[in-house]
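Peer 1: Below is a structure I'd like to ask you about.
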Amino acid sequence: MKAANPPGTPPGPTPATRVLVIGGGYVGMYTALRLQRNLAARIRRGEIEIVVVTPDPYMTYQPFLPEAAAGSISPRHVVVPLRRVLDRCRVVIGEAHAVDHTRRTATISTLATADEGTGTTTVTYDELVLAPGSVSRTLPVPGLAENGIGFRTVEEAIGLRNHVIEQLDIASSTRDPAVRHAALTFVFVGGGYAGVEALAELEDMARYAARHYHNVTADDMKWVLVEATDRILPEVAPDLGRYTVSELRRRGVDVRLGTRLDSCTGRVAALSDGSRLPTRTLVWTTGVAPHPLLAATDLPLTGSGRLACTAHLTVGGAPHAWGAGDAAAVPDVTAPGTYTAPNAQHALRQARVLGDNITAALDGRPLKAYAHRTTGSVASLGLHKGVAHLYGRRFKGYPAWFLHRAYHLSRVPTFNRKARVLAEWTLGGLFTREIVSLGSLEHPRAEFERAAGRTPPDDPKGSS
């Protein structure tokens, strides 16, 4: 908050208006980017300060996670470094724990507070953009916390790739039929974009990798997709959802609709249809839930726990507070009585409107309502396979896969990332897939710790 000069003292420089952006995802990054462009002159004069608080120093372009998991894109090209893009903002790597909007303060922890043992620190602000995104929606399924694998971050995507290849190594080297069967059974729970694309890309990658094992074939692997409703890919037209089911089944994927996961203890996935599937791989992709930070604020929430926002992306009844993306319930003015879907398409467009509206509010100008009718959906089903529904037209197979790549290439931030992704795709068409597992990257100090923990041999010359 702006601090007033003490009574009786000559007026000093006016404190900068601080815009605090919590979250470095689609909304956080694009809103800050829009603000630093709109307010560049005032930032240079010290009149405006934009502070971005985010747990990671990068924004993850999540639609590319399945291709990163399959090895079609390098992991570093799926993320955008925030400090490079937001060069006129102050990026703070930390986590927000609470917001007291009445006092205009946020409680955060950073790497420094953790190292110094001070716990948390308080940040004041004049305008708040609350965009922490969402978290994986989990259910109280026995064994899920211990055995489930998520698929929302680049770390999870690369970890899953390493895990799948390691299962092929286990199956190739074991003499135990039960261990081999469990290693080659891959269960994905959730039939939305994340689950379908992750399964399709990894099945495609594993099918190729199996060629390089002398005793493992693609037919030895069992891929299972479990969906509680009666259809998959609800974001696309029903006929494309049915096509996707038939395409996956043609490839040997066991698609189980109207089925739930009851438990996954003891490396056995127990399904509601009575099946028990021994497996070492259970991927959970059943949607998202509001970020826990929202409940630690004094801002109004909807019944589903999201920020109660207006079509202008303000938080209703809370002046100087703004929201968009997964964390916000934004009325859809193109379909009265509904909210915009929590997807990347809306988040990117809302962020641009949000940045312009904050600028307008600082200038005392009217705000603009967010209005966008979804243009369609695209989904990859592996190399050269996909489905797409754009502008009322439906595409399948290679044309849909091409549209999927073209659409997301146009949406990934920065020319640098676009060029690198395009180069990788071009090289990928000329050379074979990489099938190396780098699971040791997840524990980089393990080898040194083993070496340091060994007892050195006795020195025959004694110590001096």
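We did not get these values from a lab; they are worked out from the coordinates using the rules stated. Being a predicted model, the structure only gives us computed values, none of them experimental. Here the Cβ is made from the backbone with ideal geometry for all residues, glycine too, and neighbour counts use every protein chain on show.
Peer 1: Under 14 Å from a point 7 Å along the Cα-to-Cβ line of residue 98: which residues of region 282-307 have their amide N that close?
Peer 2: Under 14 Å, as judged by backbone N against the label point of residue 98, lie 293-299 of region 282-307.
Peer 1: Same structure, new question: Run the simple label-point estimate for residue 368 and residue 237 please: 7 Å along Cα→C-beta, distance reported in nm.
Peer 2: It is 3.1 nm.
Peer 1: Rounded to the nearest 500, what is the chain's calculated 222 nm mean residue ellipticity when only DSSP H runs of at least 4 contribute -39500 (n - 2.57) each, over all residues?
Peer 2: Mean residue ellipticity at 222 nm (helix-derived): -10000 deg cm²/dmol.
Peer 1: Please list, in chain and number order, the residues 5+ apart from residue 255 or on another chain whose amide H is under 5 Å from its amide H, with Hs placed from the backbone.
Peer 2: For residue 255, whose amide H was placed from the backbone, the distant partners under 5 Å are 225.
Peer 1: Relative contact order (percent) for the chain, with alpha-carbon contacts under 8 angstrom and 6 or more residues of separation?
Peer 2: 17
Peer 1: Find how many whole Å separate the alpha carbon centroid of region 13-67 from the alpha carbon centroid of region 380-428.
Peer 2: Using only Cα atoms to place each centre, the spacing works out to 28 Å.
Peer 1: With the Cα gyration tensor of region 179-310 giving a ≥ b ≥ c as the square roots of its eigenvalues, does the rule (a/c under 1.5 for rounded; else a/b larger than b/c for prolate; else oblate) give rounded, prolate or oblate? Walk me through the intermediate numbers first.
Peer 2: Numbers: a/c = 2.22, a/b = 1.80, b/c = 1.24.
It is prolate, given that a/c is not under 1.5 and a/b is the larger ratio.
Peer 1: What distance in nm separates the simple spin-label points at residue 447 and residue 398, each placed 7 Å from Cα in the Cβ direction?
Peer 2: According to this spin-label approximation, the distance is 4.3 nm.
Peer 1: Please give, to one decimal in nm, the separation of the simple spin-label points placed at residue 419 and residue 257, each 7 Å out from Cα toward the Cβ.
Peer 2: Output for this residue pair reads 4.6 nm.
Peer 1: Using only Cα atoms, locate the centre of region 160-204 and the centre of region 120-149, then give the distance between them in Å, rounded to an integer.
Peer 2: Here the two parts' Cα centres lie 27 Å apart.
Peer 1: Could you give the length gained on full extension between residue 145 and residue 296, defined as 0.36 nm per residue of separation minus the Cα-Cα distance, in nm?
Peer 2: Full extension of this stretch gives 52.0 nm more.
Peer 1: Hey, of [x] 1.02; [y] 0.99; [z] 1.05, which did the structure itself give for Rg/Rh (Cα atoms, Kirkwood Rh) when calculated?
Peer 2: Of the listed options [x] 1.02; [y] 0.99; [z] 1.05, [x] comes from this structure.
Peer 1: Provide Rg and Dmax in Å for region 375-428, with only Cα atoms included in the calculation.
Peer 2: Gyration radius and largest Cα-Cα distance of region 375-428: 11.6, 33 Å.
Peer 1: Then there's this: Tilt of helix 154-173 relative to the longest C-alpha principal axis of the chain, in degrees (0 to 90, nearest 10)?
Peer 2: Approximately 10 degrees, to the nearest ten.
Peer 1: Continuing with the same structure: Under the 0.36 nm per residue contour assumption, what length would be gained going from the current alpha-carbon distance of residue 76 and residue 288 to full extension?
Peer 2: Between residue 76 and residue 288, full extension yields 73.9 nm more.
Peer 1: What does the charge dipole of the chain about its Cα centre add up to, to the nearest 20 debye, if the Cβ of each Lys and Arg holds +1 and the Cβ of each Asp and Glu holds -1?
Peer 2: 1380
Peer 1: A further question follows. Taking amide hydrogens as modeled 1.01 Å from N in the peptide plane, which residues meet the under 5 Å criterion relative to residue 18, leaving out close sequence neighbours?
Peer 2: Counting only residues 5 or more places away or on other chains, the set is 49, 126, 127.
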